[in-house]
Structure formats: C-alpha cells, structure tokens
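This is the structure I want to talk about, given as structure tokens.
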Amino acid sequence: MTSETITAAASGTWPLGDLVVNRIGFGTMRLPQQGEAFDVDAVPGDRDRAIRVLRRARELGVNHIDTAAFYFSRLRSANELINSALAPYPDDLVITTKVGPGRDPSGLWQNHATPGQLRGQVEENLRQLGRDHLDVVNLRIVGTDSIAERFGALAELREAGLIRHLGVSNVGPAQLAEARAIAPVVCVQNKYGLGSPPDQDAFLRDCGEQGIAFVPFYAIAGAGREAGAAPDADAGADALLTIARAHGVSTAQVRLAWTLHRGPHVLAIPGTGNPDHLAANVAAGALRLSDDELAALEALHRGGEAGVKR
C-alpha cells in the first residue's frame, strides 16, 4: 500500500450540515509541542515543520481540520499555525473548533466556561484563526450535568452569525438529545477506538441513525491519550499485527481503517507533527478490510483489547 499517492478523497465524504468533508481529517492537538499535549513543560514544536505538515495535509486532500484555542505550548498555538499555513482559507476547508475548557497563559487548566464566558472563547478562536465566523463549534463537556444553558448560549451565537454549525463533545445520549432540542447538532466528538465500551458502540450507531457525524478522538492513541500511542502498544495484539502485515501497513493504519468501517457517518481526525505519519494516516482511508478481518478485529474490540500489552 503506497501512501504517497493516496489522498483523503479515498475515505469518502460525509456532510457537516451544508459542509461536505472527506472522512479522513486532521487533528492539531499534537502540533504546538513535542511529546505529550497539554504538558506545561513540553518543548514547543518546530514551527516551520508544523506549517509544512498543515500544507501537506491540504495537498493530500484533507478538508476537515480539528483545533481549539486551548491547543498551545509556550511558543506555539494550533490556531495561529493554521492561520499562518492556510490563510486565505480555501472554500472547501472546514475548520472545527472546541469551546468549554480553557487554560491560563501558563498552560494550567481553568474551570470550564460558563454560558456567559463562551462568547469570549468563540471570539478568541475567531481572532486566532482570522475568521469572521467559525464553521463548526463543539461544546466540550465534562460530567453528566445538563448542558442546556451552555449549549443555548452557543445557539444564540449561531443565530448571530458567529457560528455556522454546532456539535458536542464528550457527551452521552441524554445530553445529545438535550442539545438537539435547542439547535441542530451536526457532530458528536467522543473518545472511541478498538476496545471502547459497548455503550459507545450503541451511541455511535444512534448518531448514524440520526444523520449526525461521529468523530472519534484517540482512535490511534487509545490508552496513550495525550501522549500518543506507545511504540509497543500493539505488540500482543495478534489480530492487528496479522492484518497489518497482510496489507503492508502499520497497526495504526488498521486502527483508523477499522474506525471508518464502523459506519459511513464516522469521521477520523488523527493528528501528528510528522509528515510521514500524516501520509500514512491519510492512506488509511483507502484501506479496505475483509469480512474475516473485521470479524477478527470485532473479537479484539469486544474483548476490550485484553490481548494487547500495555
């Protein structure tokens, strides 16, 4: 499988409201720093390399980029990098951002934004990205409390023209229903990948039935989360290794391909600061798994990746 000639168009498309994106996108969480995201002591990433990666993503057909104002290191901001690399923005480029969490200038986490503070976070993203509106804004949630007041605040900003479409992140079915009663929801962004609990499988299917995009994060990193996947994370997963070798790809590519096979409404936003990894991630959108391979991965998934060394 040659990743150099494969573009994001091979993954197919799905609409985010009236915006159509390729199902393989790009997440910018890892761009501002080396090593673990959100580490206040992390070494800032190389700016020129990050800009090259973003421009290469566009060359490879990526038209869905995920970001947030709280993606930053001491010297780098994901939003500023996107602005520098890609503005003036192509008409087909969809930039999705998140609000709710916040970090102070030192990088320490603050309390989640109140309804009254969300406008400031939206305006911060607008300034950093150099936009007069945001394509998609996800309300990031922690906990199971009602989101009506906060989502309602974003719905008002949508009516005011600052936001085109709304989504929710880290939510459950009840919170999604609550949000949909207030304004249309185009996407749900939740942690999901091989080994995720059964309730997330059901939620993923429900989103598809409602025509809502399901956008997994940590689809490759898994338990590695902000630090990324460990080099030997799949050392004990025979099914993953066998399938990867059969296709001449990495286990990370198999993980991404499996995720996309979960439904036509599933989008992927793998992130990297490495141009080679970027090309491989995009190429995963063209990887077609057989019924037998999917069955083997389903067994691994239902076992919670019990056979994978951690």
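Take E59 and tell me if it is in contact (Cβ under 8 Å) with a residue 12 or more places away in the chain and either of a type in the set (D, E) or open to solvent by 20 Å² or more (accessible area, probe 1.4 Å) (or both). First the steps, then the outcome.
Values: in contact (Cβ under 8 Å) with a residue 12 or more places away in the chain: no; either of a type in the set (D, E) or open to solvent by 20 Å² or more (accessible area, probe 1.4 Å) (or both): yes.
When the stated conditions are applied, E59 does not pass them.
Looking at region 260-287 only, could you name the residues that are open to solvent by 20 Å² or more (accessible area, probe 1.4 Å), more than 23 Å from A202 (Cα to Cα) and over 13 Å from the mean Cα position of the chain (by Cα)?
Those that are open to solvent by 20 Å² or more (accessible area, probe 1.4 Å), more than 23 Å from A202 (Cα to Cα) and over 13 Å from the mean Cα position of the chain (by Cα): G273, N274, P275, D276, H277, A280, A286.
Please find, within region 85-120, the residue that is nearest to H133 (Cα to Cα) out of those that are in a loop (DSSP other than H, G, I, E, B) and among the polar types (S, T, N, Q).
Of region 85-120, the ones in a loop (DSSP other than H, G, I, E, B) are 87-93, 100-102, 104-108, 110-114.
Now narrow it down to the ones that are among the polar types (S, T, N, Q): 106, 110-111, 114.
Working: S106: 27, Q110: 25, N111: 25, T114: 21 Å.
Looking at the filtered set, the residue picked out is T114.
Taking the condition surrounded by 17 or more Cβ atoms within 10 Å (Cβ to Cβ), under 22 Å from V215 (Cα atoms) and touching a Phe, Trp or Tyr at 6+ places or on another chain (Cβ under 8 Å), does A68 pass? Don't jump to the end; show me each part of the working.
On the way: surrounded by 17 or more Cβ atoms within 10 Å (Cβ to Cβ): yes; under 22 Å from V215 (Cα atoms): yes; touching a Phe, Trp or Tyr at 6+ places or on another chain (Cβ under 8 Å): no.
For A68, the condition - surrounded by 17 or more Cβ atoms within 10 Å (Cβ to Cβ), under 22 Å from V215 (Cα atoms) and touching a Phe, Trp or Tyr at 6+ places or on another chain (Cβ under 8 Å) - is not met.
Of all residues being closer than 19 Å to T144 by Cα and of a type in the set (D, E) in region 181-222, which is least open to solvent (accessible area, probe 1.4 Å)? Just the residue, please.
D201
Tally the residues that are open to solvent by 10 Å² or more (accessible area, probe 1.4 Å) and touching a helix residue (DSSP H, G or I) at 6+ places or on another chain (Cβ under 9 Å), restricting the search to region 71-84.
Result for region 71-84: 8.
Collect the residues in region 159-177 that are of a type outside the set (G, A, S) and either assigned to a loop (DSSP other than H, G, I, E, B) or surrounded by fewer than 19 Cβ atoms within 10 Å (Cβ to Cβ) (or both), keeping them in residue-number order. Give the steps one after another, and end with the answer.
Here is the first cut: in region 159-177, the residues of a type outside the set (G, A, S) are 159, 162-166, 168, 170-171, 173, 175-176.
Scanning region 159-177 gives E159, L162, R164, N170, V171, P173.
How many residues does region 147-158 contain that are open to solvent by less than 10 Å² (accessible area, probe 1.4 Å), under 17 Å from N111 (Cα atoms) and not in a loop (DSSP other than H, G, I, E, B)?
Count: 1.
Scan the strands (runs of 3 or more DSSP E) fully inside region 9-84 and keep the ones with 3 or more residues being more than 19 Å from L129 (Cβ to Cβ).
On the way: elements: 13-16, 19-22, 64-68.
It comes to 13-16.
The values are calculated or read from the model by the stated rules, or taken from the named source; none is laboratory data. Keep in mind that this is a model prediction, so the values were computed, not measured. Methodologically, a virtual Cβ is constructed for each residue, glycine included, from the backbone with ideal geometry; neighbour enumeration extends over all protein chains shown. For the accessible areas, the whole protein counts, side chains as well, though only heavy atoms, and no ligand, DNA or RNA atoms are used. Shrake-Rupley method; radii C 1.70, N 1.55, O 1.52, S 1.80 Å.
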